[in-house]
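A short worksheet on the structure shown next.
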Amino acid sequence: VRIPSPYRPLPAEHSGGVIGQMERCRALLKDPATWRDIAWLLVDMTAGFFLALLPAVLFLYALWGPVLALGVWRPIVNAGGNEWFAFIHITGQTSANLAAALGICCGVLAFFVNPALLRGHFTLAMSLLAPTDAATREQALAQRVDRLTELRRIERDLHDGAQARIVAMGMSLGTIEALIEKDPAQAKKLLA
């Protein structure tokens, strides 16, 4: 999921030192995107955490269930451990086999659900971090102004540079024209 940058450009001109840092801080605090970032942090540390963690948990459960059924449950139970796999209390091979079946079901579920969970996490982030419509229009307008300014500068540089070269070439041709009759070798040298 691509999220366009919502930030306003920082002022190009600012003072140096502490005053400059304060101006930069003030500009960042006035930017609505900064406050949306803070809201995203609060939402992502709760809902986003679970949306990002659940795919890994489903995958690990898919691995741990069959591992328990292969006999890993024995040393745990014999040592007095109390092993639970989701809602299944592992007390013997039968419950370990049920854990393996549930683990395989978690793996199949993970195969279908994990992409949607991760996409949901990214969509949640995009809904909070992406620029608003007004900010998007403002940013697009600012980018267009910057692009047009750059194109104008390039056009001016090309025009001024080409015009100077054409005048210089005209002067060189005039000099060559005058030398053709007097010193053809020198005219040929200038022409080359």
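The values are calculated or read from the model by the stated rules, or taken from the named source; none is laboratory data. As the structure is a prediction and not an experimental result, all values here were calculated from the model. All Cβ positions, even for glycine, are placed from backbone atoms using ideal geometry, and neighbour counts span all protein chains on display. The protein model used for the area step is the full one, side chains on, heavy atoms only, and it has no ligands, DNA or RNA in it. Shrake-Rupley method; radii C 1.70, N 1.55, O 1.52, S 1.80 Å.
Structure values in brief
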quantity: Relative contact order (%) - the stretch 48-143, alpha-carbon pairs under 8 angstrom, separation at least six; calculated: 37 percent
quantity: Separation between Cα centres of the stretch 72-99 and the stretch 1-62, rounded to whole Å; calculated: 44 Å
quantity: Protection proxy ranking, peptides 156-163, 28-35, average beta carbon neighbours within 10 Å, highest first; calculated: 28-35, 156-163
quantity: Option label - Rg and Dmax of the Cα atoms in Å computed here, alternatives (i) 35.5, 115; (ii) 16.7, 49; (iii) 18.8, 57; calculated: (i)
quantity: Relative packing of peptides 104-116, 72-84 - highest average C-beta neighbours within 10 Å first; calculated: 104-116, 72-84
quantity: For residue 83, residues with placed amide H under 5 Å, excluding near neighbours; calculated: 90
quantity: The stretch 53-138: proportion of alpha-carbon pairs further apart than 20 angstrom, %; calculated: 49 percent
quantity: Solvent-accessible area, 1.4 Å probe, carbon plus sulfur percent, for the chain; calculated: 68 percent
quantity: Solvent-accessible area per residue for the chain (1.4 angstrom probe, square angstrom); calculated: 73 Å²
